[in-house]
1. Out of all the residues in segment 10-24, which are farther than 20 Å from residue 103 by Cα and crowded, with 19+ Cβ neighbours inside 10 Å?
2. Return yes or no: is residue 58 polar (S, T, N, Q) and either open to solvent by less than 50 Å² (accessible area, probe 1.4 Å) or in contact with a helix residue (DSSP H, G or I) (Cβ under 6 Å, 6 or more places away or on another chain) (or both)?
3. Quick check on my filter: what residues within segment 107-116 are open to solvent by less than 20 Å² (accessible area, probe 1.4 Å) and among the hydroxyl-bearing types (Ser, Thr, Tyr)?
4. Considering only residues of segment 91-106 that are open to solvent by 20 Å² or more (accessible area, probe 1.4 Å) and under 16 Å from residue 51 (Cβ atoms), which is nearest to the chain's Cα centre (by Cα)?
5. Using beta carbons and a limit of 6 Å, which pairs, at least six apart or on different chains, have the first residue in segment 15-32 and in contact (Cβ under 8 Å) with a residue 24 or more places away in the chain and the second one of a type in the set (Phe, Trp, Tyr)?
6. Might you check whether a residue that is part of a strand (DSSP E or B) and surrounded by 14 or more Cβ atoms within 10 Å (Cβ to Cβ) occurs anywhere in segment 25-33?
7. Scan segment 34-55 residue by residue and report those that are surrounded by fewer than 16 Cβ atoms within 10 Å (Cβ to Cβ) and touching a residue at least 60 places away in the same chain (Cβ under 8 Å).
8. Might you let me know whether segment 109-121 holds any residue that is of a type outside the set (A, V, I, L, M), in a loop (DSSP other than H, G, I, E, B), touching a residue at least 40 places away in the same chain (Cβ under 8 Å) and more than 21 Å from residue 7 (Cα to Cα)?
Amino acid sequence: QVQLAESGGGLVQAGGSLRLSCAASGRTFSRNAMGWFRQAPGKEREFVAAISASGGSTYSADSVKGRFTISRDNANTVYLQMNSLKPEDTAVYYCAVSSEPYTSREVRLYDYWGQGTQVTVSS
């Protein structure tokens, strides 16, 4: 059974940093891209960043470019380094595993999802 477990969320002041981690288990995802999404109260889930299966290609939403960095150190672990956090970054952050090896912002391509971790940025 595939499981994804996010960690690293919390409360931080505006301008601060957090590092989210996601560990997948139950299968090896060496041929799958991985991504981060977020959902704020009353809003739809939105794409944040993705990294290819090889780790050689990344893709980020315009709203986080220059502030957030996605990385992976093996087939099953992905990170999201979040710097210069803003109150509008407040959301539940989810990691997900894509059915494809390339990066994508399309929710429909992601087969497996974690339970999410709360990130709250105070002003």
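The values are calculated or read from the model by the stated rules, or taken from the named source; none is laboratory data. What you see is a predicted model; the values in this text were computed from it and never measured. Quick reminder, even Gly has a Cβ in these numbers, built from the backbone with ideal geometry, and neighbours come from all protein chains shown. Accessible surface areas use protein heavy atoms only, side chains included; no ligands, DNA or RNA. Shrake-Rupley method; radii C 1.70, N 1.55, O 1.52, S 1.80 Å.
1. So in segment 10-24, the residues farther than 20 Å from residue 103 by Cα come out as 10-19.
Of everything in segment 10-24, just one residue is farther than 20 Å from residue 103 by Cα and crowded, with 19+ Cβ neighbours inside 10 Å, namely 18.
2. Working: polar (S, T, N, Q): yes; either open to solvent by less than 50 Å² (accessible area, probe 1.4 Å) or in contact with a helix residue (DSSP H, G or I) (Cβ under 6 Å, 6 or more places away or on another chain) (or both): no.
Criteria not met by residue 58.
3. Within segment 107-116, just 110 meets the criteria.
4. First, pick out the residues of segment 91-106 that are open to solvent by 20 Å² or more (accessible area, probe 1.4 Å): 92, 94, 99-103, 105-106.
Retained after the next criterion (residues that are under 16 Å from residue 51 (Cβ atoms)): 94, 99-103, 105-106.
Values: 94: 6, 99: 16, 100: 16, 101: 16, 102: 15, 103: 12, 105: 11, 106: 13 Å.
So the residue we want is 94.
5. 20/93; 21/79
6. Taking segment 25-33 and keeping what is part of a strand (DSSP E or B), we get 25.
Next, from what is left, pick out any that are surrounded by 14 or more Cβ atoms within 10 Å (Cβ to Cβ): none.
Within segment 25-33, none of the residues are part of a strand (DSSP E or B) and surrounded by 14 or more Cβ atoms within 10 Å (Cβ to Cβ).
7. Just the residues of segment 34-55 that are surrounded by fewer than 16 Cβ atoms within 10 Å (Cβ to Cβ), to begin with: 39-44, 46, 54.
Across segment 34-55, the qualifying residue is only 39.
8. Restricting attention to segment 109-121, the residues satisfying the condition of being of a type outside the set (A, V, I, L, M) are 110-118, 120.
Among the residues that remain, those that are also in a loop (DSSP other than H, G, I, E, B) are: 114-116.
From what is left, the residues that are touching a residue at least 40 places away in the same chain (Cβ under 8 Å) are 114-116.
Subset that is more than 21 Å from residue 7 (Cα to Cα): none.
No: segment 109-121 contains no residue that is of a type outside the set (A, V, I, L, M), in a loop (DSSP other than H, G, I, E, B), touching a residue at least 40 places away in the same chain (Cβ under 8 Å) and more than 21 Å from residue 7 (Cα to Cα).
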